[in-house]
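Down below is the structure, laid out as structure tokens.
What follows is calculated from the coordinates using simple rules that are stated; it is not laboratory data. Everything quoted here is computed from the prediction, not taken from an experiment. No Cβ is skipped: glycine too gets one built from the backbone with ideal geometry, and neighbour counts run over all protein chains shown.
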Amino acid sequence: MKKIIIGFILLFVGISSYSQTRINERDTWLLSVGVNTVANFGTQNPFEDLSENSTRFAFRQPIAIAIERQWTKFLHIEQDISFNGFKESEFIDNGTPDKDLFYFSTNTTLKYYFGSHIFKELEWLDLYGGFGLGLFNIEEINTSINGSLGMMFWVSETVAIRLQGVGKFATTSDRRQYDNNHYQFMLQAVIRI
């Protein structure tokens, strides 16, 4: 996994050019592909006891794909899909599964890009926050209300690297053993199409 992440970083640093720019045109489409990890360790604070919970991050089939459309200068809508999984006999949230668990998620997110309000001179950086709805499955299907924060580092006019964190708050978490509140973190390559 570390080799994949280092490879992504080296690839995009290598193709960097002088014409780095923020998203500023209407009707821009962005396609992103990368990796994700799911943190399902039974707390509402993703940094609480992080050293004790470091083994509870899922890295099985960690694929994340998204398509995003710009509506206005600052508002975008994104549809994503991601896959991952949890290993048998490793404690996650409310128990220890007796079999490997496959994770599937799809989310619709409305994003607000606010980076130009804070860092006007940094054309190569986009910051955003988002709110949306999701559907996910670990052992049972559940829905979620999501909040996200992220940043994109533009290495050329058409290519960026995205780091994103999403808090997923399940609508029926009290009745689910594994399919409840969790966090998802993503590292993706973004292409302006």
Q: Enumerate the amide H contacts of Thr172 below 5 Å, restricted to partners 5 or more residues apart or on another chain; note that Pro and chain-start residues carry no placed amide H.
A: Thr143
Q) For the residue pair Glu90 and Thr143, what label-to-label distance in nm results when each label sits 7 Å from Cα along the Cα-to-beta-carbon direction? A) 3.1 nm
Q: Note the full-extension length gain between Phe119 and Phe83 as 0.36 nm times their separation in residues minus their Cα-Cα distance, in nm to one decimal.
A: 9.6 nm
Q.
How are the alpha carbon pair distances in the range 55-193 distributed across 5 Å bins from zero to the largest one, expressed in percent?
A. 2, 9, 18, 22, 17, 12, 9, 6, 3, 1, 0
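Could you sort out which of Lys111/Lys168; Lys87/Lys168; Lys99/Lys168 sit more than 19 Å apart by Cα distance in this structure? Display every interim value, and only then the final one.
Details: Lys111/Lys168 15 Å; Lys87/Lys168 21 Å; Lys99/Lys168 23 Å.
As for pairs spanning more than 19 Å Cα to Cα, those are Lys87/Lys168; Lys99/Lys168.
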**Q.** Sites Val33 and Leu110 - FRET efficiency at Förster radius 22 Å, r taken between beta-carbons, to 0.05
**A.** 0.55
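Report the extension gain between Thr158 and Thr72 in nm, rounded to one decimal, defined as 0.36 nm multiplied by the number of residues separating them, less their alpha carbon distance. Could the numbers behind the result be given before it?
Details: separation 86, 0.36 × 86 = 30.96 nm, distance 1.84 nm.
So the extension gain works out to 29.1 nm.
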Q: Whole number please: convex hull volume per residue, Cα atoms of the range 117-193, in Å³.
A: 104 Å³
